[in-house]
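The values are calculated or read from the model by the stated rules, or taken from the named source; none is laboratory data. Bear in mind that the values here come from a model prediction, so they are computed numbers and not experimental data. All Cβ positions, even for glycine, are placed from backbone atoms using ideal geometry, and neighbour counts span all protein chains on display.
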Amino acid sequence: NAGVTQTPKFRILKIGQSMTLQCTQDMNHNYMYWYRQDPGMGLKLIYYSVGAGITDKGEVPNGYNVSRSTTEDFPLRLELAAPSQTSVYFCASKKTGTDTQYFGPGTRLTVL
Amino acid sequence: QQQVKQSPQSLIVQKGGISIINCAYENTAFDYFPWYQQFPGKGPALLIAIRPDVSEKKEGRFTISFNKSAKQFSLHIMDSQPGDSATYFCAAMIKDSNYQLIWGAGTKLIIKP
């Protein structure tokens, strides 16, 4: 199993550009999460999904959108990128009936 | 009420010593308290976790101590090794919130050889 994979690893965007961060898991987990990690601030939940077709906002959803058309994929869309979205983004997944979230390696995004 | 406060921000410990990281919370509805370990350039990975019905959990050199009345929990790393150098995050969860984790700010631990 590859676990949770994220692409790209790094990306530089200009202000106002858009992009999609990809997240795929091959563990057949129903729950998936998107976090951002800023220095000295821990992780903040952006969006989550409890299964295909179901998504909900987390703590910091503004400026982002998600979709969950399959169990495996949970892409995060940034529209009109802003410098405040410079961060490291992590995707995680969790099996129904368990508590442990499994994380991908992250995407480091810089908006200039 | 949804915050988890973690201290210290950074910690330097000699090899073989005990590393202690503390967390405090306010929301008594939290029912699961994990610690995650993160190495540079990697995602966090679960290290050890505890539920509020026990006061201590030990896995190898890693122990969680939990004080329900004080709303505090801590991670103890015994016989700390250079390979333990990483950032450690405490977190808390309410299962009925679709397992959303509330994270502490992290502690950067450096073990000196």
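Residue count for region B:1-54 satisfying the condition of being over 21 Å from A:PHE90 (Cβ atoms), outside any strand (DSSP E or B) and either within 10 Å of the chain's Cα centre (by Cα) or not basic (Lys, Arg) (or both): 14.
Restricting region A:37-49 to residues that are part of a strand (DSSP E or B) and of a type in the set (A, V, I, L, M), the residue that is surrounded by the most Cβ atoms within 10 Å (Cβ to Cβ) is A:LEU43.
Restricting A:LYS57, A:LYS14 to those that are closer than 14 Å to B:ASN98 by Cβ and not hydroxyl-bearing (Ser, Thr, Tyr) reduces the list to A:LYS57. Of everything listed in (1) of a type in the set (Lys, Arg); (2) more than 14 Å from chain A (Cβ to nearest Cβ); (3) within 13 Å of the chain's Cα centre (by Cα), the single unmet condition for B:LYS108 is (2). Taking region B:79-113 as the range and being modelled with pLDDT of 95 or more and of a type in the set (Ser, Thr, Tyr) as the test, the residues that pass are B:SER80, B:SER85, B:THR87, B:TYR88, B:THR107. Among the candidates A:ASP26, A:ASP99, the residue that is charged (D, E, K, R) and at pLDDT below 95 is uniquely A:ASP99.
When B:ALA45 is tested against (1) at pLDDT below 95; (2) within 28 Å of A:SER49 (Cα to Cα), only condition (1) is not met. Looking only at region B:37-52, decide whether some residue is in contact (Cβ under 8 Å) with a residue 60 or more places away in the chain and within 11 Å of chain A (Cβ to nearest Cβ). Looking through region B:37-52, at least one residue is in contact (Cβ under 8 Å) with a residue 60 or more places away in the chain and within 11 Å of chain A (Cβ to nearest Cβ). Which residues, taken from region B:77-98, are outside any strand (DSSP E or B), within 11 Å of chain A (Cβ to nearest Cβ) and in contact (Cβ under 8 Å) with a residue 24 or more places away in the chain? Listed by number, the list holds a single entry, B:LYS95.
Contact map, region A:89-111: residues that are more than 7 Å from chain B (Cβ to nearest Cβ) paired with residues that are part of a loop (DSSP other than H, G, I, E, B) and of a type in the set (Val, Ile, Thr), Cβ distance under 6 Å, separation 6+ or inter-chain. Pairs shown: A:THR110/A:THR86; A:VAL111/A:THR86.
In region A:54-80, the qualifying residues are those that are modelled with pLDDT under 95 and within 19 Å of A:GLN22 (Cβ to Cβ), and the one that is farthest from the other protein chains (Cβ to nearest Cβ) is A:GLU79. Filtering region A:1-36 to residues that are within 14 Å of chain B (Cβ to nearest Cβ), in a strand (DSSP E or B) and surrounded by fewer than 13 Cβ atoms within 10 Å (Cβ to Cβ) leaves only A:PHE10.
Out of all the residues in region A:28-40, which are under 15 Å from B:GLY43 (Cα atoms) and either out of contact with any Leu (no Cβ under 8 Å at 6 or more places or on another chain) or in contact (Cβ under 8 Å) with a residue 60 or more places away in the chain (or both)? Let's see the steps before the verdict.
Of the residues in region A:28-40, the ones under 15 Å from B:GLY43 (Cα atoms) are A:32-39.
Result: A:MET32, A:TYR33, A:GLN37, A:ASP38, A:PRO39.
For region A:79-112, the tally of residues that are surrounded by fewer than 16 Cβ atoms within 10 Å (Cβ to Cβ) and of a type in the set (Asp, Glu) stands at 1.
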